[in-house]
1. Among the residues of segment 52-92, which ones are under 17 Å from residue 280 (Cα atoms) and among the aliphatic types (A, V, I, L, M)?
2. Residues that are modelled with pLDDT of 95 or more and crowded, with 17+ Cβ neighbours inside 10 Å: find the helices (runs of 4 or more DSSP H) completely inside segment 165-267 holding 3 or more of those.
3. Looking at (1) over 22 Å from residue 248 (Cβ atoms); (2) in contact (Cβ under 8 Å) with a residue 40 or more places away in the chain; (3) open to solvent by 60 Å² or more (accessible area, probe 1.4 Å), which is the only condition residue 157 fails?
Amino acid sequence: MLASAPTSAQIALFSSPAAYCGTVGLKPTYGLVSRRGVFPLSYTLDHCGPLTASVEDAAIATQLIAGYDPADPASVDRPVPDLRARLEEGVAGLRIGLPRNLYRKAEGLTPATSAALERLAEALAAQGATVEEVTLPDYDLFSACGRIIMTAEAYAIHEADLRNRPLDYGAIFLARVATGATISAADYIQAQRLRRELSEAVNREALKRHDLLLTAMALGPAPRFDAYPPDRAGPMNIQSIPFNVTGNPALSLPVGLSEEGLPLSAQLVARPFEEALLLRTGRAVEKITEGWGVARTPPLALEAA
């Protein structure tokens with residue numbers, strides 16, 4: 001299953017279903033997988049990647065769909081490595097950064113999610129990784145940057161239809177995207193300049209000293225349907241936007257269950273085009289969390305024909 005830009009104007013393309021449903025979601029490096037045939041939400045933020053039951057399945061699916069496509073202007077012409085070859089090598093010797101400042105004071109962070117992240121960090125260290133705290137720019141900077149770019153680009157994509165048949169849109173999507181008409185060229189250019197600075201902070205600072213980052217994905221389990229008001233956007237406690245802005249590959253993984261029995265999640269982030277290392281680390285996390293209540297294969301109720 002390929003995750004594509006959804007019509008709800010979320011830019012958490014791969015992460016929401018994975019984080020909330022206890023599955024694996026891989027967002028490959030921007031440009032690794034072609035977006036041809038996917039209706040765009042935001043030209044420079046959209047990624048396509050698989051939503052799977054396991055890390056190995058994510059590796060297999062990505063191996064099949066990755067590669068250069070001249071029909072996608074953002075596609076990168078470079079060889080795709082064997083994404084399964086080193087899946088079982090573990091994390092010994094890896095340096096993993098833990099940017100607690102991204103999520104520690106975030107509204108919506110549950111104690112269970114925070115505890116799961118700390119437990120996972122300790123478990124990775126016990127497996128031979130060096131896990132240490134790093135500081136990234138404030139989450140609000142990533143969010144503001146990404147939302148200006150996303151809203152401006154989404155408006156550009158939908159401009160003609162918004163002008164000619166706005167009532168054909170859902171109310172929530174219309175309210176979100178129509179605001180793109182108020183974003184000036186100066187706003188958009190400043191957001192792109194900030195994007196460069198944020199990418200430098202992630203890739204030339206944090207990931208220069210560390211092989212990967214471990215951080216939050218969903219700040220808590222999936223909310224109830226009645227937590228979403230019918231006339232406006234509801235809570236969206238997903239922290240994928242920083243690495244949509246920077247284009248880094250990221251992996252959403254289940255890391256246990258809440259008191260209500262709902263999946264909790266974590267996010268791993270690697271340098272551009274280091275999906276093999278990302279998946280290798282994800283496989284180690286998968287093994288670590290096998291006893292944490294994570295159901296890899298849900299039971300199926302089959303009816304007799």
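The values are calculated or read from the model by the stated rules, or taken from the named source; none is laboratory data. The structure presented is a predicted model; accordingly, all values stated were derived computationally and were not measured. Neighbour counts are summed over all protein chains in view; Cβ atoms, including those assigned to glycine, are modelled from backbone coordinates with ideal geometry. Heavy atoms of the whole protein, side chains included, go into the accessibility calculation; ligands, DNA and RNA do not. Shrake-Rupley method; radii C 1.70, N 1.55, O 1.52, S 1.80 Å.
1. Scanning segment 52-92 gives 53, 55, 58, 59, 60, 61, 80, 83, 85, 87, 91, 92.
2. Numbers: elements: 171-178, 185-200, 241-246.
Of the helices (runs of 4 or more DSSP H) lying wholly inside segment 165-267, those with at least 3 residues that are modelled with pLDDT of 95 or more and crowded, with 17+ Cβ neighbours inside 10 Å span 185-200, 241-246.
3. The single condition residue 157 does not satisfy is (3).
To keep it simple, each residue is scored yes or no on (1) free of Cβ contacts under 8 Å to residues at least 40 places away in the same chain; (2) open to solvent by 30 Å² or more (accessible area, probe 1.4 Å); (3) touching a helix residue (DSSP H, G or I) at 6+ places or on another chain (Cβ under 9 Å).
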{"site": "55", "(1), (2), (3)": "no, no, yes"}
{"site": "59", "(1), (2), (3)": "no, no, yes"}
{"site": "64", "(1), (2), (3)": "yes, yes, no"}
{"site": "71", "(1), (2), (3)": "yes, yes, no"}
{"site": "74", "(1), (2), (3)": "no, no, no"}
{"site": "81", "(1), (2), (3)": "no, yes, yes"}
{"site": "85", "(1), (2), (3)": "no, yes, yes"}
{"site": "90", "(1), (2), (3)": "no, no, yes"}
